[in-house]
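Before any comments, here is the structure.
Where a number appears in this text, it was derived from the coordinates with a stated rule and is not lab data. Here the structure is a predicted model, which means the values were calculated and not measured. For neighbour counting, all protein chains shown are included, and Cβ atoms are generated from backbone atoms with ideal geometry for every residue, glycine included.
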């Protein structure tokens, strides 16, 4: 989601939540979606050519859609995000909010299928940690600083604009895992789509390894994880110092 979204992109309209329960899903998944999705609203849509459309072999990004989905249990955000991002062809940022006003942001990176350009392949999804829109919430203060609409630097096209915000959001809300997270945000990687995607993969791996390390008791396994972490952190530093 973008802080200080320009008025011309705002919509703020309630949508039929049943349209966000894919018919092709399993009975169990549809039941889970119905139980958890309380309300769906489109907050805005970034369109027009001030930020150019991305028309490429693997991408057709004409708009960025901004949704707000009120859900019963914020813990279901990751599951719901993966389902909805797969259903929607449009690049979408989803603001999940529960009845206690906990918030999680959901993103999805997708590409067109080679054989049928009318269909998409969902390459990866990410969700942030939960936060609250409060001046007392540290993550929210960083969100306001780094995800302000005017602070997104790469305006080559809507895809690069989206990916920059996707990586920044993931970093801000997982900053405890990445000691030098500010160095990443302040670096020039955001001017290269390839670098953004590679850095995102590195950070995802670091977070997964650190979470795995917490559950492991064997010293030999911990040493193996630490070796991989050192390698990944070095790769990350090479990106941000280049």
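Over 20 Å apart: what share of the alpha carbon pairs of the stretch 177-242 falls there, rounded to a whole percent? Of all Cα-Cα distances in the stretch 177-242, 30 percent exceed 20 Å.
Would you mind pulling out the separation of the Cα centroids of the stretch 1-48 and the stretch 202-242, in Å? Result: 35 Å between the Cα centres.
Averaged over residues, the count of other Cβ atoms within 10 Å places the peptides 218-225, 167-174 in the sequence 167-174, 218-225, highest first. Modelled spin labels at residue 114 and residue 28, positioned 7 Å past Cα toward Cβ, are 3.3 nm from each other.
The residues 13, 217, when put in order of fewest to most other Cβ atoms within 10 Å, stand as 217, 13.
Counting every other Cβ atom within 10 Å of each residue's Cβ, 30, 231, 130 order from fewest to most as 231, 30, 130. Using the Stokes-Einstein relation with a Kirkwood hydrodynamic radius computed over Cα pairs, the translational diffusion coefficient of the chain at 37 °C and a viscosity of 0.692 mPa s comes to 173 µm²/s.
Straightening the chain between residue 63 and residue 204 buys 48.1 nm, computed as 0.36 nm per residue apart minus the Cα-Cα spacing. Oblate is the label for the stretch 90-232. Its Cα gyration tensor axes, ordered a ≥ b ≥ c, give a/c of at least 1.5 and b/c at or above a/b.
Counting every other Cβ atom within 10 Å of each residue's Cβ, 98, 148 order from fewest to most as 148, 98. Normalised by the number of residues in the stretch 177-242, the average gap of Cα pairs under 8 Å and 6 or more apart makes the relative contact order 47 percent.
So if each residue of separation counts as 0.36 nm, and I subtract the Cα-Cα distance between residue 220 and residue 145, what length gain in nm does that give? All intermediate terms of the calculation are to be shown ahead of the outcome.
Working: separation 75, 0.36 × 75 = 27.00 nm, distance 4.15 nm.
Stretched out fully, the residue 220 to residue 145 stretch lengthens by 22.8 nm.
With Cα atoms as the point set, the radius of gyration and Dmax of the stretch 25-151 evaluate to 15.7, 50 Å. Please grab the % of Cα pairs in the stretch 143-213 that end up more than 14 Å from each other. Every Cα pair in the stretch 143-213 considered, those over 14 Å come to 57 percent.
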